[in-house]
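To keep things clear, I will list the structure first and then write my remarks on it.
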Number of protein chains: 4
Amino acid sequence: MQPRGFDAFYGLELLELTPELARAQLVVAEEHKQPWGIVHGGVYASIAEGLTSYATAKAVIPDGKGAAGMANQTSFLRPLSGGTIHATAVRKHGGRTTWVWEVEFSDDQGRLCALTRMTIAVREPPAPA
Amino acid sequence: MQPRGFDAFYGLELLELTPELARAQLVVAEEHKQPWGIVHGGVYASIAEGLTSYATAKAVIPDGKGAAGMANQTSFLRPLSGGTIHATAVRKHGGRTTWVWEVEFSDDQGRLCALTRMTIAVREPPAPA
Amino acid sequence: MQPRGFDAFYGLELLELTPELARAQLVVAEEHKQPWGIVHGGVYASIAEGLTSYATAKAVIPDGKGAAGMANQTSFLRPLSGGTIHATAVRKHGGRTTWVWEVEFSDDQGRLCALTRMTIAVREPPAPA
Amino acid sequence: MQPRGFDAFYGLELLELTPELARAQLVVAEEHKQPWGIVHGGVYASIAEGLTSYATAKAVIPDGKGAAGMANQTSFLRPLSGGTIHATAVRKHGGRTTWVWEVEFSDDQGRLCALTRMTIAVREPPAPA
C-alpha cells in the first residue's frame, strides 16, 4: 500500500502495516514546520491518522469493509526541529465496529516526541469520490 | 498574520484572529483527501492547531511570550468531499500557562463536520530554528 | 429518570434530560475531594458520563436501543473547593451509532471549571447483570 | 500513601507508586455500576486520575511541588460487570511542568477494558482546604 492524497502530499513513508503493529516515518523538511521552527502539531496528527487508517483498511478490506478516522487525540511532548519522525502504532483494541491504536513518535535519538490515541471506525467502505 | 510553513503548504487561510474568537477556512482540493475520497482527518487537526496557535501567539507575543500546541483532540463527525472547510475557534480558558480553545468545522451548508479541543501552552518563545 | 448505581452513590442530581440539552448538578462534599482539598477530577468525568448517558438513553430507549460511554475527554481548568458544580451538556452530533456531547462545568459564580467531550455509543442494550 | 477523599469513598486500593510505574485495583461492587449493570465509565476515569496523581505527587512533593490533573482522556473498550479492575499506569513523559501517563485497565482474565491518557500538572501545591 502506498500513501495517496494528503499523506503523499506531505511525504509520509509507510514501513510496515500489520493488523497489530504499524510503522511509518517522515523526513522533516521546512514545509512541515510552524513559523517558530518546530514541526507543526498537525503533522503528527496526520501521520497517526494516515498510518492507522492504512493498517486498519488493509486488514478489513478483504472482509468488504472500510476504515475511517473517528477520533484523534495527540499530545505534544518534545519539540522537534529536524531529522526523521519515527512513528510506531500498536493496536490496543480490534472490535467489530472500532479499532483503537496507540501511536508513539520518536526522534532520531529515540526520544518520545508525541503520542496519539487513534480511534478508527470499521464500516462499509465510503463510495469512491 | 499570514500562515507560514506547514499551514501555508496545505493552504490555510486565516480570516480573523482575536484573543477570544478566531476563524479560518480551507478550500478542499485533491491533495487534502485520503484515498477514499474524503478529507483526511489530519487536515482538520492541522487547521485547529494552526488557527489557535496563531490566535494565541498574536495575543501573547506583545508580552514577550510564545505559544505552542500541547494537546489536540479531534473528533470526526461527518465526512466532507469538497467545497470549503469553515473553522471557528472559541477560547474557553485563557490561563497564565495554558489556553484552551474549542474549534468547530462546518461545510458550505453549515453542517458540523468535526470538533477539536486544542490546548495551547503559553511560554517563553522557542529559539528560532 | 433518577440516577442509580454509581451516580446515586456520589450524589448526582439530574435537572433536565432532552435529546439536545441536558443539565445536572452536584453539591460538593468532603467525599468528592482529593487529598489537597479540591474536587477530584474523576467527579467531573463521572458527572459528564452519567448525564450524557441518561440523556442519550432516554432518547433512544423508545427505539429499542441503549447507550454506553465510548470516550470521555475531560480538561480541568479551574479548581473548585466547595459550593455546587453546575453541568450543562449540549449535543453536537446525533448519529445512528454515536452521539457526541460537549459538557461544561461551572461554579456558583458561573466560572468555567472543566470541559468534557463525551462520545456515547448507541447500541442494542446490554443484557441486565 | 493511602487514598483519601473521593478515592477512599469509592474504594481505590493503591498497590505500587513509583515515578515511572504505578498500579492500583478496585473490587467491583454494585455502587460502581451504571443502571444497565456494567461498571460506570466515571469509575475508570477516577481510578486513572487518582492513581497517577498519587504517583506524581509522591515523586514531586519532596521537591516542594504538587500535582493536579490537567486532562483525562478515557476510552472504553470492553464492559465489565464484576470481579476486580486492575489498573497499571506507565509514565510516558516527565517534564518540568507536566507529566503524561498511559493507564491500562484489565479484568481478572487480563483483557483490556479501558485506556486513559492522563496529563498531570506539576505545580506549587494548592493551599490546604
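The values are calculated or read from the model by the stated rules, or taken from the named source; none is laboratory data. Every value quoted in this text rests on a predicted model; they were computed, and no experiment measured them. Cβ sites come from the backbone with ideal geometry, for glycine too, and all protein chains shown count toward neighbours. Areas reflect the complete protein model, heavy atoms only, side chains present, ligands, DNA and RNA absent. Shrake-Rupley method; radii C 1.70, N 1.55, O 1.52, S 1.80 Å.
General observations
- Of everything listed in (1) more than 11 Å from chain C (Cβ to nearest Cβ); (2) out of contact with any helix residue (DSSP H, G or I) (no Cβ under 9 Å at 6 or more places or on another chain), the single unmet condition for D:Gly94 is (2).
- Test for D:Thr18: is it closer than 17 Å to D:His93 by Cβ and either facing another protein chain (nearest Cβ under 8 Å) or open to solvent by less than 10 Å² (accessible area, probe 1.4 Å) (or both): no
- Of the criteria (1) out of contact with any strand residue (DSSP E or B) (no Cβ under 9 Å at 6 or more places or on another chain); (2) under 30 Å from B:Arg123 (Cβ atoms), which one B:Thr52 fails: (1)
- Search result, residues across segment B:97-106 that are within 17 Å of B:Thr56 (Cβ to Cβ) and surrounded by fewer than 19 Cβ atoms within 10 Å (Cβ to Cβ): B:Thr97
- Of all residues in segment C:16-34, none satisfies being acidic (Asp, Glu) and under 23 Å from A:Met118 (Cα atoms).
- Within segment B:22-57, being within 19 Å of B:Ala71 (Cα to Cα) and either open to solvent by 40 Å² or more (accessible area, probe 1.4 Å) or of a type in the set (Val, Ile, Thr) (or both) holds for B:Val43, B:Ile47, B:Thr52, B:Thr56.
- Positions within segment C:42-90 being more than 15 Å from the chain's Cα centre (by Cα) and among the hydroxyl-bearing types (Ser, Thr, Tyr), in sequence order: C:Ser81
Conditions tested, residue by residue: (1) of a type in the set (Gly, Ala, Ser); (2) over 23 Å from B:Ser46 (Cβ atoms); (3) in contact (Cβ under 8 Å) with a residue 60 or more places away in the chain.
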{"position": "A:Gly50", "(1), (2), (3)": "yes, no, no"}
{"position": "A:Ala55", "(1), (2), (3)": "yes, no, no"}
{"position": "A:Lys58", "(1), (2), (3)": "no, yes, no"}
{"position": "A:Leu77", "(1), (2), (3)": "no, no, no"}
{"position": "A:Ala87", "(1), (2), (3)": "yes, no, yes"}
{"position": "A:Val90", "(1), (2), (3)": "no, yes, yes"}
{"position": "A:Asp107", "(1), (2), (3)": "no, no, no"}
{"position": "A:Ile120", "(1), (2), (3)": "no, no, yes"}
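- In the set C:Gly94, C:Gly83, C:Gly110, C:Gly66, only one residue is touching a Phe, Trp or Tyr at 6+ places or on another chain (Cβ under 7 Å) and either surrounded by fewer than 19 Cβ atoms within 10 Å (Cβ to Cβ) or small (Gly, Ala, Ser) (or both); that residue is C:Gly66.
- Condition met for C:Gln73 (open to solvent by less than 10 Å² (accessible area, probe 1.4 Å), of a type in the set (S, T, N, Q), under 28 Å from D:Thr119 (Cα atoms) and touching a residue at least 12 places away in the same chain (Cβ under 8 Å)): yes
- Residues that are under 22 Å from B:Ser81 (Cα atoms) and facing another protein chain (nearest Cβ under 10 Å) do occur in segment A:72-83, at least one of them.
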